[in-house]
């Protein structure tokens with residue numbers, strides 16, 4: 001596996017065209033050239049623990065103020081791959097005036113109604129602080145600026161009650177998205193269970209999985225943009241790369257066993273740089289560990305999430321990976 005320094009070099013440096021003398025003479029003066037994009041900072045630790053998580057959070061929490069929503073994935077009952085409770089508990093305890101937030105699901109299971117969702121919270125150990133199921137009391141439409149599929153997205157109404165959001169994501173595979181990172185976490189996870197999630201999937205509740213491949217990726221990106229624009233600078237992102245099954249935590253006990261090793265935790269204020277860095281680190285794994293996840297990602301066209309997110313201005317695909325001991 002390549003070293004972190006090699007990965008940084010590969011991902012942050014590009015090679016321009018080789019120009020002849022005549023071509024160089026025709027190039028605009030440096031002051032007229034487009035400014036270089038400054039790579040986003042992505043922090044990384046191999047320490048997958050409460051201590052490691054807090055170290056990274058403190059690198060990216062400068063704009064987190066007021067009442068804070070911690071958007072995480074509650075998981076189906078007894079889900080084996082969810083982020084460990086002690087890690088989430090430590091993060092929540094470290095953030096003043098914070099609580100966990102989720103929304104109900106579109107598919108039938110342990111979280112498609114608020115009543116069932118609250119029972120699942122107890123089963124999975126999410127009992128150490130208040131949990132706001134944001135669509136429990138209805139929905140709100142948030143604008144999607146510059147969207148080609150949506151002009152607005154239906155969200156859990158209670159998203160309006162928060163000044164800031166910390167997006168804590170279990171990075172893993174996903175049956176439709178190929179992979180689920182921070183984009184997926186807020187794209188589907190903030191959309192309400194009846195209307196918003198159906199919009200993202202390009203369907204009605206009776207035809208849940210109508211939208212696939214590129215349209216689904218673009219729908220997710222546009223839904224994520226609604227949340228990003230709502231919070232502005234007061235949102236930050238953490239991906240936890242452990243127990244990376246090809247399946248989402250929405251699969252619960254039916255999720256395929258992980259074959260990839262645990263990688264670490266990444267954090268950034270740039271959602272696109274964070275998901276790009278997570279994918280890049282994943283792709284550095286040995287073939288035996290990477291094969292199933294890579295097949296899941298590429299068979300679903302999952303990398304289009306990153307391409308379209310760049311087009312939509314969600315962030316930068318260039319980044320500097322900074323290892324934190």
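Across segment 146-280, C-alpha contacts under 8 Å between residues 6 or more apart give a mean separation that, scaled by the residue count, equals a relative contact order of 29 percent.
Relative contact order for the chain using alpha-carbon pairs under 8 Å, separation at least 6, rounded to a whole percent? Mind dumping the intermediate values first?
Details: 697 pairs, mean separation 83.8, N = 325.
Relative contact order of the chain: 26 percent.
Here the spin labels are modelled as points 7 Å beyond Cα on the Cα-Cβ line, and at residue 137 and residue 47 they lie 3.9 nm apart. Annotation: for a label point projected 7 angstrom from Cα along Cα→Cβ of residue 213, residues of segment 150-184 with backbone N closer than 17 Å are 176-179. In terms of its Cα atoms, the chain spans 71, 41, 40 Å along the principal axes, sorted from long to short.
Between segment 105-162 and segment 44-102, the alpha-carbon centres lie 18 Å apart.
Between residue 107 and residue 311, what is 0.36 nm times their sequence separation minus the Cα-Cα distance? Round to one decimal in nm. Walk me through the numbers before you get to the answer.
On the way: separation 204, 0.36 × 204 = 73.44 nm, distance 3.00 nm.
Gain in length upon complete extension: 70.4 nm.
Taken along the Cα-to-beta-carbon direction at a fixed 7 Å, the label points for residue 259 and residue 295 span 0.6 nm. Report note on the peptides 255-266, 36-47: ranked by the mean count of other C-beta atoms within 10 Å, highest first, their order is 255-266, 36-47. Note on residue 114 and residue 229: the model spin-label points, each 7 Å out from Cα along the C-beta direction, lie 2.8 nm apart. Residues 126, 72, ranked from the fewest to the most other C-beta atoms within 10 Å, line up as 126, 72.
Between residue 62 and residue 287, the contour length at 0.36 nm per residue exceeds the alpha carbon distance by 77.2 nm.
Each peptide in 114-125, 152-163, 314-325 was scored by the mean count of other Cβ atoms within 10 Å over its residues; highest first, the order is 152-163, 314-325, 114-125.
Which value at 222 nm does the chain reach when only helices count, each DSSP H run of 4 or more adding -39,500 (n - 2.57), with the total divided by all residues and rounded to the nearest 500 deg cm²/dmol? Estimated from H runs of four or more residues: -9500 deg cm²/dmol. Taking the C-alpha atoms only, the angle from helix 213-231 to the longest principal axis of the chain is near 80 degrees. Taking each residue as 0.36 nm, the span from residue 145 to residue 122 lengthens on full extension beyond its C-alpha to C-alpha distance by 4.5 nm.
Each value in this text was obtained by applying a stated rule to the coordinates, not by laboratory testing. For clarity, every value in this text was computed on a predicted model and none was experimentally measured. FYI the Cβ positions are ideal-geometry reconstructions off the backbone, even for glycines, and counts take in every protein chain you see.
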